[in-house]
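Here's the structure, in C-alpha coordinates; my notes come after.
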Amino acid sequence: MRSSVRNKRLLKLGLGVVGLTLAAGVAFGHGLIVEPPARNAHCGLNEKPDQATTPACVEAAQKDFSGMYQFMSVLTHAQGHAQADSNNVCGFDSETWDGGPTPWDYQLDWPTSPMSGGTQTFTWNISWGPHWDDTEEFRYWITKPDFEYQVGGTLTWDDFEGEAFCVLNYDDTNPTANPNIVAEKASGLFHTTCEVPERAGRHIIYGEWGRNYYTWERFHGCVDVAFDGSGSGGGSSSSSSSSSSSSSSSSSSSSSGGSSSSSSSSSSSGGSSSSSGGSSSSSGGSAGTGVSCEYVVSNEWNSGFTAEVRLTNTGSEPVSGWEVEWGYTDDTSLVNTWSAVVNGMGPFTATSMGWNDTIGAGQTVSFGMQGNKGGSSAEVPEVTGNVCE
(Lines give C-alpha, C1' and ligand atoms only; values in the text may rest on other atoms or scores of the structure.)
Protein backbone atom coordinates (compact mmCIF):
# COMPACT_ATOMS: atom_id res chain seq x y z
CA MET A 1 0.00 0.00 0.00
CA ARG A 2 1.19 3.49 -0.76
CA SER A 3 2.19 5.40 2.32
CA SER A 4 0.29 8.36 3.71
CA VAL A 5 3.69 9.60 4.87
CA ARG A 6 4.71 9.83 1.24
CA ASN A 7 1.57 11.84 0.59
CA LYS A 8 2.55 14.30 3.31
CA ARG A 9 6.00 14.65 1.78
CA LEU A 10 4.43 15.34 -1.59
CA LEU A 11 2.13 17.85 0.07
CA LYS A 12 5.09 19.67 1.57
CA LEU A 13 6.79 19.68 -1.80
CA GLY A 14 3.60 20.96 -3.39
CA LEU A 15 3.30 23.73 -0.84
CA GLY A 16 6.85 24.78 -1.67
CA VAL A 17 5.93 24.96 -5.32
CA VAL A 18 2.82 26.94 -4.41
CA GLY A 19 4.92 29.50 -2.59
CA LEU A 20 7.04 29.99 -5.68
CA THR A 21 4.08 30.20 -8.01
CA LEU A 22 2.23 32.63 -5.79
CA ALA A 23 5.24 34.89 -5.92
CA ALA A 24 4.98 34.69 -9.69
CA GLY A 25 1.34 35.73 -9.56
CA VAL A 26 -0.29 32.38 -10.29
CA ALA A 27 -3.85 32.24 -8.91
CA PHE A 28 -5.67 29.28 -7.46
CA GLY A 29 -8.68 27.66 -9.07
CA HIS A 30 -11.58 25.98 -7.31
CA GLY A 31 -14.02 23.32 -8.41
CA LEU A 32 -16.12 20.24 -7.71
CA ILE A 33 -18.12 17.51 -9.44
CA VAL A 34 -21.65 18.78 -10.05
CA GLU A 35 -23.11 16.08 -12.30
CA PRO A 36 -23.80 13.56 -11.02
CA PRO A 37 -23.48 15.67 -7.89
CA ALA A 38 -20.70 14.89 -5.45
CA ARG A 39 -21.33 15.10 -1.72
CA ASN A 40 -20.08 18.68 -1.58
CA ALA A 41 -22.39 19.61 -4.46
CA HIS A 42 -25.42 18.17 -2.67
CA CYS A 43 -24.44 19.64 0.68
CA GLY A 44 -22.57 22.89 0.22
CA LEU A 45 -23.32 24.08 -3.29
CA ASN A 46 -27.01 23.17 -3.50
CA GLU A 47 -27.82 23.29 0.21
CA LYS A 48 -25.96 25.77 2.37
CA PRO A 49 -25.46 24.80 6.02
CA ASP A 50 -27.88 27.44 7.32
CA GLN A 51 -30.59 26.24 4.91
CA ALA A 52 -30.00 22.48 4.81
CA THR A 53 -33.09 20.27 4.60
CA THR A 54 -31.74 16.94 3.35
CA PRO A 55 -30.94 14.81 6.43
CA ALA A 56 -27.34 14.17 5.35
CA CYS A 57 -26.79 17.89 4.74
CA VAL A 58 -28.27 18.77 8.12
CA GLU A 59 -25.95 16.26 9.81
CA ALA A 60 -22.92 17.42 7.81
CA ALA A 61 -23.63 21.02 8.84
CA GLN A 62 -23.79 19.93 12.47
CA LYS A 63 -20.34 18.34 12.14
CA ASP A 64 -18.66 21.29 10.40
CA PHE A 65 -20.95 24.26 9.82
CA SER A 66 -18.41 26.80 8.57
CA GLY A 67 -16.40 24.20 6.67
CA MET A 68 -19.43 23.32 4.56
CA TYR A 69 -19.19 26.76 2.95
CA GLN A 70 -15.82 25.66 1.51
CA PHE A 71 -17.53 23.19 -0.83
CA MET A 72 -15.39 24.30 -3.78
CA SER A 73 -12.11 24.18 -1.83
CA VAL A 74 -11.55 20.47 -1.18
CA LEU A 75 -7.98 20.72 -2.43
CA THR A 76 -4.38 19.68 -2.00
CA HIS A 77 -1.13 20.59 -3.70
CA ALA A 78 0.13 17.12 -4.54
CA GLN A 79 -0.35 14.50 -7.25
CA GLY A 80 -3.25 12.66 -5.71
CA HIS A 81 -4.17 9.06 -5.11
CA ALA A 82 -2.09 7.78 -8.03
CA GLN A 83 0.97 8.66 -5.97
CA ALA A 84 -0.17 8.22 -2.37
CA ASP A 85 -2.94 7.28 0.02
CA SER A 86 -4.63 9.53 2.55
CA ASN A 87 -6.30 9.05 5.91
CA ASN A 88 -9.53 10.64 4.65
CA VAL A 89 -10.73 9.47 1.25
CA CYS A 90 -13.23 12.02 -0.07
CA GLY A 91 -11.29 15.10 1.04
CA PHE A 92 -7.87 13.46 0.60
CA ASP A 93 -6.61 15.14 3.79
CA SER A 94 -7.40 18.54 2.28
CA GLU A 95 -5.12 21.34 3.40
CA THR A 96 -8.20 23.56 3.76
CA TRP A 97 -8.98 21.36 6.78
CA ASP A 98 -5.31 21.06 7.82
CA GLY A 99 -5.32 17.39 6.82
CA GLY A 100 -8.40 16.55 8.87
CA PRO A 101 -11.80 15.30 7.72
CA THR A 102 -14.05 17.49 5.61
CA PRO A 103 -17.83 17.45 6.21
CA TRP A 104 -18.00 15.02 3.27
CA ASP A 105 -15.62 12.45 4.73
CA TYR A 106 -18.20 11.25 7.26
CA GLN A 107 -20.20 8.21 6.18
CA LEU A 108 -23.69 9.67 6.43
CA ASP A 109 -26.73 8.53 4.50
CA TRP A 110 -25.73 10.67 1.52
CA PRO A 111 -28.13 11.10 -1.42
CA THR A 112 -27.31 8.70 -4.25
CA SER A 113 -27.48 9.17 -8.01
CA PRO A 114 -28.66 6.44 -10.40
CA MET A 115 -25.76 4.91 -12.31
CA SER A 116 -25.12 2.07 -14.74
CA GLY A 117 -22.01 0.52 -16.20
CA GLY A 118 -20.79 1.85 -19.53
CA THR A 119 -20.26 5.31 -20.97
CA GLN A 120 -21.01 8.04 -18.44
CA THR A 121 -20.22 11.74 -18.14
CA PHE A 122 -18.89 13.46 -15.03
CA THR A 123 -19.09 17.26 -15.04
CA TRP A 124 -16.81 19.55 -13.04
CA ASN A 125 -17.71 23.14 -12.24
CA ILE A 126 -14.43 25.10 -12.10
CA SER A 127 -15.92 28.58 -12.36
CA TRP A 128 -14.51 29.79 -9.02
CA GLY A 129 -11.31 31.04 -10.65
CA PRO A 130 -11.36 28.86 -13.79
CA HIS A 131 -7.96 27.57 -14.87
CA TRP A 132 -8.05 25.93 -18.26
CA ASP A 133 -4.47 26.46 -19.41
CA ASP A 134 -2.82 24.42 -16.65
CA THR A 135 -5.41 21.67 -16.27
CA GLU A 136 -3.57 18.38 -16.74
CA GLU A 137 -5.83 15.43 -15.97
CA PHE A 138 -8.94 13.88 -14.46
CA ARG A 139 -8.92 10.56 -12.60
CA TYR A 140 -11.69 8.36 -11.22
CA TRP A 141 -11.70 5.35 -8.90
CA ILE A 142 -14.62 3.11 -7.86
CA THR A 143 -15.30 0.88 -4.89
CA LYS A 144 -14.76 -2.87 -5.25
CA PRO A 145 -17.63 -5.14 -6.41
CA ASP A 146 -18.19 -6.54 -2.90
CA PHE A 147 -18.29 -3.10 -1.26
CA GLU A 148 -21.04 -2.64 1.32
CA TYR A 149 -21.84 0.89 2.41
CA GLN A 150 -22.23 1.36 6.15
CA VAL A 151 -23.72 4.55 7.52
CA GLY A 152 -21.48 5.60 10.40
CA GLY A 153 -18.65 3.39 9.19
CA THR A 154 -15.19 4.35 7.97
CA LEU A 155 -14.33 4.64 4.28
CA THR A 156 -10.75 3.61 3.41
CA TRP A 157 -8.73 3.10 0.28
CA ASP A 158 -8.99 -0.65 0.84
CA ASP A 159 -12.64 -0.26 -0.20
CA PHE A 160 -11.56 0.93 -3.67
CA GLU A 161 -10.02 -0.73 -6.69
CA GLY A 162 -6.27 -0.22 -6.76
CA GLU A 163 -6.24 1.37 -10.22
CA ALA A 164 -8.29 4.24 -11.57
CA PHE A 165 -10.95 3.10 -14.03
CA CYS A 166 -10.63 6.35 -15.96
CA VAL A 167 -7.64 8.62 -16.57
CA LEU A 168 -8.12 11.52 -18.99
CA ASN A 169 -5.34 13.89 -20.02
CA TYR A 170 -5.98 17.45 -21.16
CA ASP A 171 -3.88 20.02 -23.02
CA ASP A 172 -5.44 23.44 -23.37
CA THR A 173 -3.21 24.30 -26.34
CA ASN A 174 -5.28 21.68 -28.19
CA PRO A 175 -8.50 21.50 -26.15
CA THR A 176 -10.37 19.20 -28.54
CA ALA A 177 -7.57 16.64 -28.82
CA ASN A 178 -9.18 14.34 -26.26
CA PRO A 179 -12.79 13.69 -27.33
CA ASN A 180 -13.61 12.48 -23.83
CA ILE A 181 -13.01 15.94 -22.36
CA VAL A 182 -15.21 18.86 -23.36
CA ALA A 183 -14.19 22.25 -22.00
CA GLU A 184 -17.35 24.36 -21.88
CA LYS A 185 -15.49 27.54 -21.07
CA ALA A 186 -18.41 29.94 -21.34
CA SER A 187 -20.09 28.07 -18.48
CA GLY A 188 -17.01 27.17 -16.44
CA LEU A 189 -17.56 23.44 -16.95
CA PHE A 190 -15.43 20.43 -17.82
CA HIS A 191 -17.42 17.43 -19.12
CA THR A 192 -15.42 14.20 -18.80
CA THR A 193 -16.60 10.93 -20.33
CA CYS A 194 -15.54 7.56 -18.92
CA GLU A 195 -16.39 3.87 -19.13
CA VAL A 196 -17.78 3.01 -15.71
CA PRO A 197 -17.32 -0.61 -14.56
CA GLU A 198 -20.38 -2.78 -13.94
CA ARG A 199 -21.54 -2.86 -10.36
CA ALA A 200 -24.66 -3.71 -8.35
CA GLY A 201 -26.15 -1.75 -5.49
CA ARG A 202 -24.66 1.25 -3.75
CA HIS A 203 -21.10 2.35 -4.54
CA ILE A 204 -18.82 5.38 -4.40
CA ILE A 205 -16.92 6.98 -7.26
CA TYR A 206 -13.98 9.14 -6.17
CA GLY A 207 -12.74 11.77 -8.62
CA GLU A 208 -9.82 14.18 -8.99
CA TRP A 209 -9.23 17.24 -11.17
CA GLY A 210 -5.50 17.90 -11.32
CA ARG A 211 -3.56 20.92 -12.51
CA ASN A 212 0.02 20.68 -13.74
CA TYR A 213 3.42 21.44 -12.23
CA TYR A 214 2.72 25.18 -12.09
CA THR A 215 0.86 24.52 -8.81
CA TRP A 216 0.10 20.75 -8.57
CA GLU A 217 -3.25 21.95 -7.26
CA ARG A 218 -5.76 19.09 -7.17
CA PHE A 219 -9.44 18.85 -6.24
CA HIS A 220 -11.13 15.82 -4.74
CA GLY A 221 -14.67 14.53 -4.28
CA CYS A 222 -16.90 11.50 -3.77
CA VAL A 223 -20.04 10.71 -5.77
CA ASP A 224 -22.51 8.29 -4.17
CA VAL A 225 -24.25 6.17 -6.80
CA ALA A 226 -26.82 3.35 -6.97
CA PHE A 227 -26.45 0.83 -9.78
CA ASP A 228 -29.85 -0.76 -9.15
CA GLY A 229 -31.71 2.34 -10.27
CA SER A 230 -32.74 3.37 -6.75
CA GLY A 231 -30.90 6.67 -6.66
CA SER A 232 -32.31 9.01 -4.03
CA GLY A 233 -30.87 12.38 -4.88
CA GLY A 234 -30.42 12.95 -8.60
CA GLY A 235 -27.45 12.40 -10.84
CA SER A 236 -27.21 11.74 -14.54
CA SER A 237 -26.86 8.27 -15.98
CA SER A 238 -26.70 9.68 -19.51
CA SER A 239 -23.44 10.72 -21.07
CA SER A 240 -25.17 13.22 -23.33
CA SER A 241 -27.19 15.23 -20.83
CA SER A 242 -24.26 17.27 -19.54
CA SER A 243 -22.89 18.46 -22.83
CA SER A 244 -26.28 19.32 -24.28
CA SER A 245 -27.38 21.41 -21.32
CA SER A 246 -27.35 25.18 -21.41
CA SER A 247 -27.03 25.32 -17.65
CA SER A 248 -23.83 26.48 -16.06
CA SER A 249 -22.62 25.88 -12.55
CA SER A 250 -21.28 28.81 -10.65
CA SER A 251 -21.82 30.26 -7.22
CA SER A 252 -20.36 32.60 -4.69
CA SER A 253 -19.15 31.15 -1.43
CA SER A 254 -20.09 32.81 1.81
CA SER A 255 -19.10 32.62 5.43
CA SER A 256 -21.50 31.63 8.14
CA GLY A 257 -21.56 35.16 9.42
CA GLY A 258 -21.96 36.93 6.11
CA SER A 259 -24.95 35.33 4.49
CA SER A 260 -28.48 36.57 4.48
CA SER A 261 -31.61 34.78 3.47
CA SER A 262 -35.02 35.81 2.25
CA SER A 263 -37.58 33.89 0.33
CA SER A 264 -40.77 33.91 -1.66
CA SER A 265 -42.78 30.77 -2.14
CA SER A 266 -45.82 29.59 -4.00
CA SER A 267 -47.69 26.46 -3.01
CA SER A 268 -50.61 24.67 -4.59
CA SER A 269 -51.90 23.44 -1.25
CA GLY A 270 -53.94 26.48 -0.32
CA GLY A 271 -55.34 29.81 -1.34
CA SER A 272 -53.80 32.30 1.01
CA SER A 273 -50.86 34.64 0.81
CA SER A 274 -48.71 36.00 3.56
CA SER A 275 -45.71 38.20 4.12
CA SER A 276 -43.45 38.44 7.15
CA GLY A 277 -40.02 39.97 7.55
CA GLY A 278 -37.67 38.91 4.75
CA SER A 279 -39.89 36.17 3.37
CA SER A 280 -43.18 36.04 1.54
CA SER A 281 -45.34 33.27 0.21
CA SER A 282 -48.34 33.02 -2.00
CA SER A 283 -50.37 30.22 -3.48
CA GLY A 284 -52.84 29.73 -6.23
CA GLY A 285 -56.47 29.05 -5.61
CA SER A 286 -56.74 25.91 -7.72
CA ALA A 287 -55.97 22.37 -6.63
CA GLY A 288 -52.49 21.32 -7.67
CA THR A 289 -49.74 18.83 -7.06
CA GLY A 290 -48.75 19.77 -3.53
CA VAL A 291 -45.38 21.25 -4.51
CA SER A 292 -44.09 24.28 -2.64
CA CYS A 293 -42.03 26.51 -4.95
CA GLU A 294 -39.75 28.84 -3.03
CA TYR A 295 -37.21 31.46 -4.09
CA VAL A 296 -34.48 31.96 -1.47
CA VAL A 297 -31.77 34.64 -1.50
CA SER A 298 -28.87 32.82 0.14
CA ASN A 299 -26.31 35.63 0.05
CA GLU A 300 -25.93 39.18 -1.25
CA TRP A 301 -23.18 41.77 -1.35
CA ASN A 302 -22.68 45.27 -2.81
CA SER A 303 -23.82 44.56 -6.36
CA GLY A 304 -24.49 40.84 -6.50
CA PHE A 305 -26.35 37.93 -4.96
CA THR A 306 -26.82 34.18 -5.04
CA ALA A 307 -30.22 32.54 -4.75
CA GLU A 308 -31.92 29.17 -4.96
CA VAL A 309 -35.30 27.96 -6.13
CA ARG A 310 -36.51 25.06 -4.00
CA LEU A 311 -39.27 22.75 -5.15
CA THR A 312 -40.53 20.68 -2.22
CA ASN A 313 -43.03 17.90 -2.83
CA THR A 314 -45.45 18.07 0.09
CA GLY A 315 -47.69 15.40 -1.42
CA SER A 316 -47.63 11.62 -1.19
CA GLU A 317 -46.79 10.85 -4.84
CA PRO A 318 -43.70 11.67 -6.96
CA VAL A 319 -43.98 14.68 -9.26
CA SER A 320 -42.18 14.66 -12.62
CA GLY A 321 -41.62 17.07 -15.49
CA TRP A 322 -41.36 20.34 -13.59
CA GLU A 323 -41.02 23.73 -15.24
CA VAL A 324 -41.03 26.99 -13.30
CA GLU A 325 -40.89 30.68 -14.14
CA TRP A 326 -40.01 33.87 -12.31
CA GLY A 327 -39.27 37.48 -13.19
CA TYR A 328 -37.85 40.61 -11.59
CA THR A 329 -39.46 44.03 -11.44
CA ASP A 330 -36.11 45.85 -11.27
CA ASP A 331 -32.98 45.53 -13.41
CA THR A 332 -31.76 42.27 -11.86
CA SER A 333 -29.68 40.17 -14.26
CA LEU A 334 -28.37 36.61 -13.97
CA VAL A 335 -24.69 35.76 -14.42
CA ASN A 336 -24.66 31.99 -13.85
CA THR A 337 -27.09 29.20 -13.02
CA TRP A 338 -26.65 25.59 -11.93
CA SER A 339 -28.65 22.35 -11.64
CA ALA A 340 -31.31 23.50 -14.13
CA VAL A 341 -31.67 24.54 -17.75
CA VAL A 342 -32.50 28.25 -17.53
CA ASN A 343 -33.70 30.25 -20.52
CA GLY A 344 -34.89 33.78 -21.11
CA MET A 345 -33.77 37.32 -20.38
CA GLY A 346 -36.61 38.04 -17.98
CA PRO A 347 -38.93 36.47 -17.17
CA PHE A 348 -36.83 33.33 -16.79
CA THR A 349 -37.90 29.73 -17.30
CA ALA A 350 -36.18 26.75 -15.69
CA THR A 351 -36.56 23.05 -16.46
CA SER A 352 -34.85 19.98 -15.08
CA MET A 353 -31.53 18.58 -16.26
CA GLY A 354 -32.97 15.07 -16.50
CA TRP A 355 -31.41 13.65 -13.36
CA ASN A 356 -33.51 15.96 -11.17
CA ASP A 357 -36.74 15.72 -13.17
CA THR A 358 -38.64 13.76 -10.51
CA ILE A 359 -39.38 15.17 -7.05
CA GLY A 360 -40.05 12.30 -4.68
CA ALA A 361 -42.70 12.55 -2.00
CA GLY A 362 -41.31 14.62 0.84
CA GLN A 363 -38.19 15.47 -1.18
CA THR A 364 -36.78 18.79 -2.40
CA VAL A 365 -35.18 19.59 -5.75
CA SER A 366 -33.28 22.85 -5.92
CA PHE A 367 -31.33 24.86 -8.45
CA GLY A 368 -29.36 28.04 -8.04
CA MET A 369 -28.21 31.24 -9.65
CA GLN A 370 -25.77 34.10 -9.28
CA GLY A 371 -26.76 37.56 -10.42
CA ASN A 372 -26.36 41.31 -10.30
CA LYS A 373 -28.86 43.20 -8.16
CA GLY A 374 -31.18 45.73 -9.75
CA GLY A 375 -31.59 47.71 -6.55
CA SER A 376 -30.19 48.14 -3.07
CA SER A 377 -31.49 44.73 -2.00
CA ALA A 378 -31.83 41.47 -3.89
CA GLU A 379 -35.39 41.11 -5.10
CA VAL A 380 -37.41 38.06 -4.03
CA PRO A 381 -39.78 37.22 -6.89
CA GLU A 382 -42.66 34.76 -6.84
CA VAL A 383 -42.03 31.41 -8.53
CA THR A 384 -44.83 29.91 -10.61
CA GLY A 385 -45.03 26.87 -12.81
CA ASN A 386 -46.81 23.72 -13.89
CA VAL A 387 -46.28 22.05 -10.50
CA CYS A 388 -46.78 25.04 -8.22
CA GLU A 389 -49.44 27.23 -9.76
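The values are calculated or read from the model by the stated rules, or taken from the named source; none is laboratory data. Worth saying up front: this structure is predicted, and the values here are computed from it rather than measured. Using ideal geometry, Cβ is built from the backbone for each residue, glycine included, and neighbour counts are taken over all protein chains shown.
Among the residues of the range 286-296, what is the count of those that are surrounded by fewer than 23 Cβ atoms within 10 Å (Cβ to Cβ), over 15 Å from ILE359 (Cβ atoms) and at pLDDT 80 or above?
Within the range 286-296, residues that are surrounded by fewer than 23 Cβ atoms within 10 Å (Cβ to Cβ), over 15 Å from ILE359 (Cβ atoms) and at pLDDT 80 or above number 1.
Could you grab me the full set of residues in the range 110-138 that are of a type outside the set (S, T, N, Q) and surrounded by fewer than 23 Cβ atoms within 10 Å (Cβ to Cβ)? Steps first, please.
So in the range 110-138, the residues of a type outside the set (S, T, N, Q) come out as 110-111, 114-115, 117-118, 122, 124, 126, 128-134, 136-138.
Of everything in the range 110-138, those that are of a type outside the set (S, T, N, Q) and surrounded by fewer than 23 Cβ atoms within 10 Å (Cβ to Cβ) turn out to be PRO114, GLY117, GLY118, TRP128, GLY129, PRO130, HIS131, TRP132, ASP133, ASP134, GLU136, GLU137.
Residues in the range 147-157 that are loosely packed, with under 15 Cβ neighbours inside 10 Å and either free of Cβ contacts under 8 Å to residues at least 60 places away in the same chain or within 19 Å of GLU137 (Cα to Cα) (or both): how many? Talk me through it step by step, then tell me what you get.
Of all residues in the range 147-157, those loosely packed, with under 15 Cβ neighbours inside 10 Å come to 148, 150-154, 156.
So of that shortlist, the ones also either free of Cβ contacts under 8 Å to residues at least 60 places away in the same chain or within 19 Å of GLU137 (Cα to Cα) (or both) come out as 148, 150-154.
Qualifying residue count for the region: 6.
Looking at (1) of a type in the set (A, V, I, L, M); (2) closer than 24 Å to GLU148 by Cβ; (3) touching a helix residue (DSSP H, G or I) at 6+ places or on another chain (Cβ under 9 Å), find the lone condition where ILE205 falls short.
So ILE205 meets the others, but not (3).
On the basis of being assigned to a loop (DSSP other than H, G, I, E, B), small (Gly, Ala, Ser) and under 21 Å from HIS220 (Cβ atoms), does GLY99 make the cut? Before the answer, list the steps.
Details: assigned to a loop (DSSP other than H, G, I, E, B): yes; small (Gly, Ala, Ser): yes; under 21 Å from HIS220 (Cβ atoms): yes.
Yes.
For the range 70-81, state whether one or more residues are modelled with pLDDT under 95 and part of a helix (DSSP H, G or I).
So far as the range 70-81 goes, yes, one or more of its residues are modelled with pLDDT under 95 and part of a helix (DSSP H, G or I).
Out of PRO130, PRO145, PRO111, PRO101, which single residue is closer than 23 Å to ILE181 by Cα and not acidic (Asp, Glu)?
The conditions single out PRO130.
Yes/no matrix, rows are residues, columns are (1) over 15 Å from GLY207 (Cβ atoms); (2) touching a residue at least 60 places away in the same chain (Cβ under 8 Å); (3) in the same structural domain as PHE190 (by TED's automatic domain parsing):
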| residue | (1), (2), (3) |
| --- | --- |
| GLN83 | yes, yes, yes |
| SER86 | no, yes, yes |
| LEU108 | yes, no, yes |
| PHE122 | no, yes, yes |
| PRO130 | yes, yes, yes |
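Within the range 201-220, count every residue that is at positive phi and crowded, with 22+ Cβ neighbours inside 10 Å.
Number satisfying all stated conditions: 1.
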